[in-house]
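Below is one structure, written out as structure tokens; the observations come after it.
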Amino acid sequence: MKRPPSEILAPTPGRAEPAHRLVEAVRAGLAAAADPERAERMRAYMKSEMPFRGVPAPVVSKLCRQVLAAHPLGDRASWAATVRALWDDAAFREERYAALALTGHRAYRHWQDPGTLDLYEHLAVTGAWWDYVDEIAANRVGPILAGDPAAVAPVLLEWAAGEDIWLRRVAILAQLKAKGAADTALLRACLEPSLGRSEFFLRKAIGWALREYAGTDPTWVLAYVAEQKDRLAPLSRREALKHLPPADADDPGDGPGRTS
């Protein structure tokens with residue numbers, strides 16, 4: 001049943017309020033730095049329905065450092081609520097980049113644990129585009145996995161087999177920076193449900209994950225590609241073998257793929 005507006009707007013009992021001054025400072029700073037011409041170019045490049053302010057990434061990063069330092073958050077609940085406010089109520093894409101910056105700020109590093117996975121699931125599903133999802137996968141979920149693999153691996157396996165392609169991509173790319181610490185059994189299990197899928201962003205993610213791990217263990221990647229040769233999409237195979245010597249990779253050369 002649909003709730004009345006007064007009920008929707010009322011704070012949920014026990015739920016923290018976001019830090020409104022922080023949110024307002026971020027939005028005001030982005031508005032002051034806006035460049036409408038650049039904004040249109042950025043929107044076209046990103047194929048984004050949400051508009052941009054036209055603020056370059058280094059400027060967004062500097063603004064976030066200043067604002068987050070000036071508005072410290074005292075507890076985990078207010079931190080998560082502020083992330084959600086920046087993200088869910090964003091009118092411009094840079095506001096969501098600021099939300100991601102807040103999730104990764106060093107002052108809140110101790111809250112990067114399995115309890116934060118629900119937040120990252122929400123951001124990935126509602127963001128539903130590679131610029132958000134890749135940051136979440138490699139730089140948020142990945143470190144949490146490294147810190148507590150027993151708790152995080154089952155979540156990734158669930159995401160990898162689920163209906164949402166962006167959660168599948170998070171699961172596939174979560175070990176992108178793991179190098180020698182990568183769990184190849186988990187990587188294999190996260191790749192498996194998407195091997196036959198047609199979505200570009202899944203095929204690309206599969207190839208990218210394998211390409212990165214090839215820098216650590218090319219023998220494993222070559223064996224995996226050979227084993228899955230009838231199931232890997234050409235794009236995934238090209239990306240996986242991209243930085244391996246052609247003689248070793250035995251790549252038939254079926255054309256260039258898009259870079260990450």
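The values are calculated or read from the model by the stated rules, or taken from the named source; none is laboratory data. For clarity, every value in this text was computed on a predicted model and none was experimentally measured. Note that we place each Cβ from the backbone using ideal geometry, even for glycine, and neighbour counts take in every protein chain shown. Remember, those area values only see protein heavy atoms, side chains included, never the ligands or the DNA or RNA. Shrake-Rupley method; radii C 1.70, N 1.55, O 1.52, S 1.80 Å.
In square angstrom, what is the accessible area per residue of the chain with a 1.4 angstrom probe?
Values: 13440 Å² over 260 residues.
Here the per-residue accessible area is 52 Å².
Only lysines eight or more places from Lys179 in sequence, or on another chain, were considered; those with a Cα closer than 23 Å are Lys204, Lys242.
Please report the relative contact order for the chain, taking Cα pairs under 8 Å with a sequence separation of at least 6, and give it as a percent rounded to a whole number. Please list the in-between numbers first.
Working: 301 pairs, mean separation 30.0, N = 260.
Normalised by residue count, the contact order of the chain is 12 percent.
Projecting the Cα positions of Ala25, Leu222, Gly104 onto the charge dipole of the chain (unit charges on Cβ atoms of Lys, Arg, Asp and Glu, taken about the Cα centre) puts Ala25 furthest along the positive direction. With a Förster radius of 35 Å applied to the C-beta separation of Thr184 and Trp111, the computed FRET efficiency comes to 0.75. Tell me the Kirkwood hydrodynamic radius of the stretch 137-182 in angstroms, computed as one over the mean inverse distance between distinct C-alpha pairs. One decimal place: 10.3 Å for the Kirkwood radius.
What is the distance, in nm, between label points placed 7 Å from the Cα along the Cα-to-Cβ direction at Met50 and at Ala146? Placing both labels 7 Å along Cα→Cβ, they lie 2.7 nm apart. Per residue, the average separation of C-alpha pairs within less than 8 Å and at least 6 apart gives the stretch 110-260 a relative contact order of 18 percent. Would you mind getting me the FRET efficiency between Lys229 and Asn139? Use the beta-carbon distance for r and R0 = 30 Å, nearest 0.05. Using R0 = 30 Å, I get an efficiency of 0.40. Whole-Hz Karplus values for the stretch 237-243 come out as 5, 4, 5, 4, 9, 4, 9 Hz, taken residue by residue from phi with 6.51 cos²θ - 1.76 cosθ + 1.60 and θ = phi - 60°; glycine and proline positions read x.
Principal-axis analysis of the Cα atoms of the chain puts helix 57-70 at an angle of about 50° to the longest axis.
Size of the dipole of the stretch 62-213 about the Cα centre, Lys and Arg at +1 and Asp and Glu at -1 on the beta carbon, nothing else charged, in debye to 20?
580
For the pair the stretch 136-178 / the stretch 16-75, the C-alpha centres are spaced 27 Å from each other.
Relative to the longest principal axis of the Cα atoms of the chain, the long axis of helix 218-227 makes an angle of roughly 70 degrees. Only protein atoms count toward the accessible area here, which uses a 1.4 Å probe; on the chain, the carbon and sulfur part of that area reaches 55 percent. Max-minus-min Cα coordinates of the stretch 117-164 on each principal axis give 27, 22, 15 Å, with the largest extent listed first.
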